[in-house]
Each structure stands twice: as structure tokens, then as C-alpha cells.
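Right, one structure below, let's go through it.
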Amino acid sequence: DSKDRGRNTFSFFRPALQMAVLKQRSLERDLIQATQRKEFLLHYQPRVCCRTNEVRSIEALLRWNHPNRGVLLPGHFVDTLEETGLIHDVGTWVAEQVGHDQRTLTRAGFDIPVSINVSPKQFDDHDLCHELVAALAQSNCPTDRIELEITESMLMGDKRNAKATLSKLRAEGFSISIDDFGTGYSNLAYIQDYPISCLKIDRSFINAIDKQAPVVNLVLSLCRLTDITAIAEGVETPEQLQWLEENKCDQYQGFIFSRPIPLMEMEKLLQDPPNLLYPHRQENEDCA
Ligand code: C2E
Ligand code: MG
Ligand code: MG
Ligand code: MG
């Protein structure tokens with residue numbers, strides 16, 4: 001009868017649910033250890049001028065060197081860092097490491113800006129600005145070499161709070177960019193209100209540039225009119241890159257130029273960058 005079926009259904013799902021809960025618990029335990037044992041590392045991905053293919057800045061991307069699973073991408077653990085609050089400590093470590101790495105590159109002759117991804121919990125922390133400044137002071141890394149990547153959703157809750165946080169960060173020297181732009185439900189009006197220097201157009205639009213061309217062009221126009229730098233994420237093919245150049249996107253990031261790589265490899269890349277120039281490109285013009 002229905003009661004039996006109900007019970008069967010229940011007992012069928014329960015082990016799976018229990019497994020998921022146990023897995024999540026052990027992930028949390030592992031992450032606490034990872035934070036104490038400093039098992040995290042950073043890779044860097046260049047951000048490149050669409051016209052000249054010169055590297056304009058680099059983005060720090062978190063990795064976890066798991067004791068038996070190898071190097072894990074943030075998709076496996078960033079949500080859990082956020083849920084457990086561990087993101088505060090890890091975020092501070094990221095800022096410290098980025099400061100050191102920015103100085104290392106500067107000493108090697110490449111005084112290049114570095115961007116850091118900021119999570120919603122970090123953004124809501126009223127000490128964020130202070131924490132970042134203190135973390136960077138350890139290596140004497142100037143705040144004006146650091147860009148903070150936030151997402152649209154962080155600007156949607158308490159607008160006045162978000163604006164105050166951004167103004168404080170800006171006054172301290174940081175620049176701000178909007179990551180994954182186009183995927184959140186944001187009010188376009190805020191672009192005018194907040195001190196934003198870049199919009200990073202989400203990879204999903206670049207992936208489907210054939211269908212999304214009107215939307216991407218709209219964002220590119222918006223950026224031109226508001227003096228915001230437009231950056232395309234996730235560029236993988238020459239066709240995508242050519243479209244972006246023809247439609248006057250400022251910069252791009254993507255596997256076509258470089259995957260995220262360790263600092264030492266980045267130093268080599270900056271010394272000897274890949275050349276993706278097309279014949280029709282004008283090489284002597286200035287680049288945004
Ligand atoms: P994101 O900030 O939007 O970073 C871009 C992601 O796209 C990176 O994935 C990068 O490896 C990937 N990507 C770049 N170019 C291409 C491409 O051409 N094709 C494809 N398919 N992918 C590309 P990753 O490193 O796995 O990071 C995922 C997300 O994790 C980041 O998205 C960011 O939201 C978050 N994250 C990374 N590092 C940190 C961090 O230090 N703190 C916080 N809070 N979040 C971080
Ligand atoms: Mg990012
Ligand atoms: Mg993104
Ligand atoms: Mg993102």
C-alpha cells in the first residue's frame with residue numbers, strides 16, 4: 001500500500017542523503033585542516049588587450065593542494081569555505097599572498113595589477129577594507145595595484161551599505177570590477193552609482209557569441225559611455241577573439257591566451273608572451 005511505498009521511497013533516499021551529509025562534514029573537517037596547514041595556493045591568469053595582446057593585469061585564482069586528491073579547483077570547495085566562515089581566513093591569506101607575488105613580479109620588472117575575487121561573506125564583513133590593507137602592508141604592496149572582483153548579487157541587498165563599502169575601498173586605492181556580469185539580476189542603474197572600473201562579461205555570453213552578439217554589444221556600448229573597461233571572460237577560439245576585437249571590446253581572458261598558471265610560469269609568460277596577433281591588427285596603436 002501507499003504507506004509501504006512511502007517507507008520504501010524514504011529508505012531508498014535516506015542512505016544517499018546520509019552519504020551527502022557525511023561527505024560534506026568530512027569536506028568541512030578537511031578544509032579546517034587545510035586552512036591551518038596552509039594547503040592553498042594561487043594560480044594566475046592574464047587579462048589581455050584585445051587589440052595588441054599585451055598583458056594588462058593578472059587574476060589570482062585559488063587552488064587547494066589536497067593531501068590525497070591533488071590540486072582542486074574552487075568549484076569543489078569555495079561554497080563550503082563560504083558556508084563555514086573559513087573564507088575570512090583564507091581570503092586574508094589570498095590577499096597576503098597576492099601582495100607578496102605582486103612585489104615579486106615588480107622586482108622582476110613587471111609592476112602589473114593583480115585582481116582578487118571577493119566572496120559575498122567577505123564583502124559583507126565591515127572589516128574587509130581594513131583586513132585587505134593590513135594584508136597588503138605585510139609586503140608593502142600598494143593598494144592601487146590591486147583590483148577587487150565582486151559579483152552583481154553583492155550589490156543587490158542593502159544598497160547603501162554596498163555603496164559605502166565600495167566608496168571606502170575606492171578611497172583606500174583599490175579598484176573594483178564586476179565579475180560574471182550578465183548572470184545576476186542586477187539593476188543596470190547601479191553602474192552609474194558605484195565606483196566601478198571594469199565589467200567582466202560572463203563566459204556564457206562569449207561561449208554563445210553567435211546568439212548573444214546583441215547583448216554583448218549592448219554591454220560594450222554601456223562600458224564606452226560610462227568609461228568602464230569591458231573584459232570578455234572565457235575566450236577559447238580565434239573566432240571569439242576576432243569578434244571581440246572587431247566590436248571593440250577592451251580586454252579578454254581565456255584559455256586561448258593562457259590557462260591559470262603558477263607565479264613562476266607567469267613570470268616567464270610576461271618575459272616571453274604568446275603572440276596571437278592577426279594580420280589585420282594595428283600594432284602601433286595605444287591600448288586601453
Ligand atoms: P571567476 O572569478 O569568474 O574566474 C574565472 C574562471 O573561469 C576560473 O575558474 C578560470 O580558470 C576559468 N576560465 C578562464 N578562462 C577560461 C576559458 O577560456 N574557458 C573556460 N572554460 N574557463 C575559463 P576557477 O579558477 O575554477 O575559479 C572558479 C571561480 O572560483 C572563480 O570564477 C571565482 O568566482 C572563484 N574563486 C577563485 N579564486 C577565488 C578566491 O581567491 N576567493 C574567492 N572568494 N573565490 C575565488
Ligand atoms: Mg574573477
Ligand atoms: Mg567570472
Ligand atoms: Mg566568479
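The values are calculated or read from the model by the stated rules, or taken from the named source; none is laboratory data. Treat the numbers as computed from the prediction; the structure is a model and nothing was measured. Cβ placement follows ideal geometry from the backbone for every residue including glycine, while neighbour counts extend to all protein chains displayed. We work out accessible area using only protein heavy atoms, side chains counted, and drop any ligands, DNA or RNA first. Shrake-Rupley method; radii C 1.70, N 1.55, O 1.52, S 1.80 Å.
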Each residue of the stretch 154-168 in turn: what ³J(HN,Hα) in whole Hz from Karplus with 6.51, -1.76, 1.60 and θ = phi - 60°, glycine and Pro shown as x?
-> 5, 9, 8, x, 7, 4, 5, 4, 4, 5, 4, 4, 5, 5, 5
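Calculate, for E239 and E54, the FRET efficiency according to 1/(1 + (r/R0)^6) with r their C-beta to C-beta distance and R0 30 Å; round to the nearest 0.05. Before the final figure, lay out the partial values.
Details: r = 21 Å, r/R0 = 0.71.
Computed FRET efficiency for E239 and E54: 0.90.
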Compute the accessible area per residue over the stretch 78-140, keeping the other protein chains in place, probe 1.4 Å, unit Å².
-> 45 Å²
The stretch 121-161 scanned against label point 7 Å out from H76 along Cα→C-beta; backbone N under 11 Å for none
Roughly speaking, what is the stretch gain from L218 to A20, that is 0.36 nm per residue apart minus the C-alpha to C-alpha distance, in nm to one decimal?
-> 67.0 nm
For R56, R160, R14, R103, write out the residues from largest to smallest accessible area, computed with a 1.4 angstrom probe and no ligands counted.
-> R160, R14, R56, R103
Counting only protein heavy atoms with a 1.4 Å probe and every protein chain in place, the carbon and sulfur fraction of the accessible surface of the stretch 64-163 in whole percent equals 49 percent
3J(HN,Hα) from dihedral phi, the stretch 135-145, Karplus parametrisation 6.51/-1.76/1.60, rounded to Hz, x for glycine, proline | 5, 6, 4, 4, 10, 6, 7, x, 5, 6, 9
How would you rank 219-227, 88-96, highest first, on the average number of other Cβ atoms within 10 Å across their residues?
-> 88-96, 219-227
Potential lengthening between N207 and D89 on full extension [0.36 nm per residue; Cα-Cα distance subtracted] | 39.1 nm
In the chain, what is the count of Lys pairs whose alpha carbons are under 29 Å apart, counting only pairs at least 8 residues apart or on separate chains?
-> 17
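Restricting to bridges with both residues inside the chain, how much of the DSSP beta-bridge set is antiparallel, in percent to the nearest 5?
Details: 15 of 35 bridges.
Here the share of antiparallel DSSP bridges comes out near 45 percent.
Rounded to the nearest 500 deg cm²/dmol, what is the calculated helix-only ellipticity per residue at 222 nm for the chain, with -39500 (n - 2.57) per DSSP H run of length n ≥ 4? It would help to have the intermediate numbers written out before the result.
Values: 11 runs with 137 residues, N = 288.
The helix contribution divided over the chain gives -15000 deg cm²/dmol.
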Here the gain from full extension of M156 to R29, 0.36 nm per residue of separation minus their alpha-carbon distance, amounts to 42.5 nm
With Cα atoms, 0 to 90° folded angle of helix 209-226 axis to the chain main axis | 60 degrees
